[in-house]
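Notes follow once the structure below has been shown.
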Amino acid sequence: MYSLKHAHLVRDKTGAEVYEFYMDMRSFGKGYEEFYERVQEEGVTMVRGRGAEVDVLENGKLRVKGEDANLGRVVTADVDMVVLSTAIEAPSDAHKVASLFGLSRTQDGFFAEAHPKLRPVETNTDGVFFGRRRSRPQGRARHGRSRRRRRFDGSGTVEQGRGRHFTDHG
């Protein structure tokens, strides 16, 4: 979703021709599917496939070559800027942390919160709370709301000396 937001902003603020190369687009939040469709309607060119190569042309532009999986052929786009985005994946050692703290995990390997709406920063293990993006990918607004709740709920619990406090700065 972040790459879609960036594409939307660049298109909206500059009027530039924008290409979005992607392999798997996930619209996981409320209103995100509508935003995905709106970005396309605004003129962002969506190319399902990997951008495989970037060459610098003599005029200073960049040429992106990639496979368009929908068309089944290689396509090129001459652009002024290339922005790379990475996918969010659960850490490879998440099973060790889950075992250590008695946490459950979702099907995609992220830690499961106690309740996604009512208790989004809590786990089912007393005294263990989520920090940052350890539970699952979520939008910035939702992440901010969770952070505010964590400051109130989590810090009160730790200050009173109940439970365990685990901080991961990674």
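The values are calculated or read from the model by the stated rules, or taken from the named source; none is laboratory data. These numbers were taken from a predicted model, which means no experiment stands behind them. Cβ atoms come from the backbone with ideal geometry, glycine included; neighbour counts cover every protein chain shown.
Structural remarks
- V97 surrounded by 12 or more Cβ atoms within 10 Å (Cβ to Cβ), of a type in the set (A, V, I, L, M) and in contact with a strand residue (DSSP E or B) (Cβ under 7 Å, 6 or more places away or on another chain): no
- Test result for G43, modelled with pLDDT of 90 or more and among the small types (G, A, S): yes
- Residue match in the range 10-27 (condition: at pLDDT 90 or above, of a type outside the set (V, I, T), farther than 15 Å from T86 by Cα and under 18 Å from the mean Cα position of the chain (by Cα)): no
- For the range 95-112, the set of residues classified as closer than 12 Å to F129 by Cα and either polar (S, T, N, Q) or without any contact (Cβ under 8 Å) to a residue 12 or more places away in the chain (or both) is empty.
- Residues that are farther than 20 Å from A16 by Cα and loosely packed, with under 12 Cβ neighbours inside 10 Å do occur in the range 103-112, at least one of them.
- Some residue of the range 30-37 being small (G, A, S) and either surrounded by 11 or more Cβ atoms within 10 Å (Cβ to Cβ) or in contact with a Phe, Trp or Tyr (Cβ under 7 Å, 6 or more places away or on another chain) (or both): no
- Taking strands (runs of 3 or more DSSP E) as the structural unit, those lying wholly within the range 1-57 and holding at least 2 residues that are over 18 Å from I88 (Cα atoms) and out of contact with any Lys or Arg (no Cβ under 9 Å at 6 or more places or on another chain) correspond to 45-48.
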